[in-house]
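Asks: After the structure tokens below, expect a handful of questions from me.
The values are calculated or read from the model by the stated rules, or taken from the named source; none is laboratory data. As the structure is a prediction and not an experimental result, all values here were calculated from the model. All Cβ positions, glycine included, derive from the backbone under ideal geometry; neighbour counts span all protein chains shown.
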Amino acid sequence: MTMVTPASHPKALIAVLAACLVLPLAAALTPATGNASAHSPDVNDIILSINESFIEDSIAAIQAFGPHPTGSEACTRVRDYLTQRLEAWGLEVYLHGWSRRSYQGQNIVATWPGIHAELPPVVVSAHYDSAPGSPGADDDGSGVASVLAAARALREYSFNRTVAFVLFSGEEQGTLGSLSYVHDLYHQGKQVAGVINLDGIGHTETESGGRNVIVYEEPASAWLADAMEEVASDHYQQVRLGLKRLPNTGYSDHNSFLTYGYGALQVEEYEYNHWFHTANDTLDYVNVTYVTHIARLTAGTLARVAHQNWRTPEVTIAVPRHDVLYVFGRELLPLDRGTVLALGPLDMVAEASADTASVTFYLDGEAVAVDEEPPFSWTCRRTLLWDHQMVAEARDAQGNVAVAQVDLGLSLY
């Protein structure tokens, strides 16, 4: 987890949140074949298959490598260890190389192919690098252990959608690995259904802290938080968690996805861990039961979204595009980091599924137009400079709603 004190939450990186509901994912995330040998999933069985001993052993194994910041030999050894485990379970694994600023690294991408390759996959992520000098048991050994637990549990079943398990490096340097990954995905024009990012999910101070978990969301990912909340309710005896849902202010790899239009969530421990980024970030200060409950909740949500009749969003924002400076509606200069800047009027175009009855457009929370015929569009004639949020809300004849958003301007993270 990128370090932020609980009192001030200083913003540390320049980034732009430009969020729409459909985001690219590498071709490996949409394989052509499914898993005929696996059987139909039972969410409760998946949840119960995740136990404390697996979580504890996985965190201990990562901690045993010692501090493993990006670029270190220890980080390479952690990468190899995690890759071998995922491959041993029969997942398709590849390494995504990246280079930003003075750093280089590799992200681990493991997939469990779905029955219907044409459906956008669902993703769970964490980061496997640690802060310098820290063994990283909670930040983010807890998240990595939970991703491993979900992969081990879900690979026993077949799902309609592909499930991707992605482990990033470069998070502690400013989410460099995930930013590079999602940049590549976006410019390849791929799609995903949604993302759950786990970062720092192991520390508790009080009994109340062990019964709650924070979920940071955006309008584009509220449907995924709904799915998680329903799993927490339906399987409370196995999960024993309440969700504290908050507007996104989290500082982790989920922001890279949001920047390029992903509907992404950040899952985080309820109480602040004062041992973050220190030599004391060890299992001694990790509540293994708490991590296990969050891992169960995550795996159950993945199973529901990947297979059951949960409606995923079916609207995207085609214009404005990411990594572009617009001047009076025309693309003037290429940008980076998902940035969208605009000077003067700007067209907004939403692409929605065939059953869409109407699209309502919002600017900074205010409904400004309704379009009932494709192509769904609206021209903003106000002067747009820095921080603005544009939202497209698609509605079908049955009243189902999907939301896409794009944030304009520069935001410090």
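Asks: If the requirement is being more than 29 Å from H183 (Cβ to Cβ), surrounded by 13 or more Cβ atoms within 10 Å (Cβ to Cβ) and of a type in the set (A, V, I, L, M), which of these qualifies: A352, A369, A404?
Replies: One residue alone meets the criteria, A369.
Asks: Q237 passes all but one of (1) assigned to a helix (DSSP H, G or I); (2) under 24 Å from E171 (Cα atoms); which number fails?
Replies: Of everything listed in (1) assigned to a helix (DSSP H, G or I); (2) under 24 Å from E171 (Cα atoms), Q237 misses just condition (2).
Asks: Might you let me know whether segment 100-118 holds any residue that is in a strand (DSSP E or B), surrounded by fewer than 18 Cβ atoms within 10 Å (Cβ to Cβ) and without any contact (Cβ under 8 Å) to a residue 12 or more places away in the chain?
Replies: The answer is no; no qualifying residue exists.
Asks: Here's a follow-up. Return only the number of the condition from (1) over 30 Å from F159 (Cβ atoms); (2) in contact (Cβ under 8 Å) with a residue 40 or more places away in the chain that T301 does not satisfy.
Replies: Against the list (1) over 30 Å from F159 (Cβ atoms); (2) in contact (Cβ under 8 Å) with a residue 40 or more places away in the chain, T301 comes up short only on (1).
Asks: Sort out for me the strands (runs of 3 or more DSSP E) sitting completely within segment 317-357 that have 1 or more residues that are more than 28 Å from the chain's Cα centre (by Cα) and in contact (Cβ under 8 Å) with a residue 12 or more places away in the chain.
Replies: On the way: elements: 324-327, 330-334, 340-343, 346-352.
So the answer is 324-327, 340-343, 346-352.
Asks: Go through segment 50-76 residue by residue and tally those that are assigned to a loop (DSSP other than H, G, I, E, B), buried (at least 16 other Cβ atoms within 10 Å of the Cβ) and of a type in the set (S, T, N, Q).
Replies: Selection size over segment 50-76: 2.
Asks: Additional query: Quick one: which of W378, W386 is of a type in the set (F, W, Y), closer than 16 Å to V406 by Cβ and surrounded by 15 or more Cβ atoms within 10 Å (Cβ to Cβ)?
Replies: On the way: W386 fails: surrounded by 15 or more Cβ atoms within 10 Å (Cβ to Cβ).
Sole residue among the options that is of a type in the set (F, W, Y), closer than 16 Å to V406 by Cβ and surrounded by 15 or more Cβ atoms within 10 Å (Cβ to Cβ): W378.
Asks: Now, a different point. Out of the residues in segment 265-280 that are more than 30 Å from A193 (Cβ to Cβ) and hydroxyl-bearing (S, T, Y), which is nearest to the chain's Cα centre (by Cα)?
Replies: Of everything passing the filter in segment 265-280, Y272 is nearest to the chain's Cα centre (by Cα).
Asks: Please work out if V166 is free of Cβ contacts under 8 Å to residues at least 60 places away in the same chain and in the same structural domain as Q104 (by TED's automatic domain parsing). Working first, answer last.
Replies: Numbers: free of Cβ contacts under 8 Å to residues at least 60 places away in the same chain: yes; in the same structural domain as Q104 (by TED's automatic domain parsing): yes.
Taking the combined requirement at face value, the residue satisfies it.
Asks: In segment 216-230, which residues are out of contact with any Ser or Thr (no Cβ under 9 Å at 6 or more places or on another chain) and touching a residue at least 40 places away in the same chain (Cβ under 8 Å)?
Replies: Hits for segment 216-230 are E217, E218, P219, A220, S221, A222, A225.
Asks: Scan the strands (runs of 3 or more DSSP E) fully inside segment 122-225 and keep the ones with 1 or more residues being of a type in the set (G, A, S).
Replies: Here the list reads 122-127, 163-168, 194-198.
Asks: So, one more: Quick check on my filter: what residues within segment 123-137 are in contact with a strand residue (DSSP E or B) (Cβ under 9 Å, 6 or more places away or on another chain) and aliphatic (A, V, I, L, M)?
Replies: Of everything in segment 123-137, those that are in contact with a strand residue (DSSP E or B) (Cβ under 9 Å, 6 or more places away or on another chain) and aliphatic (A, V, I, L, M) turn out to be V123, V124, A126.
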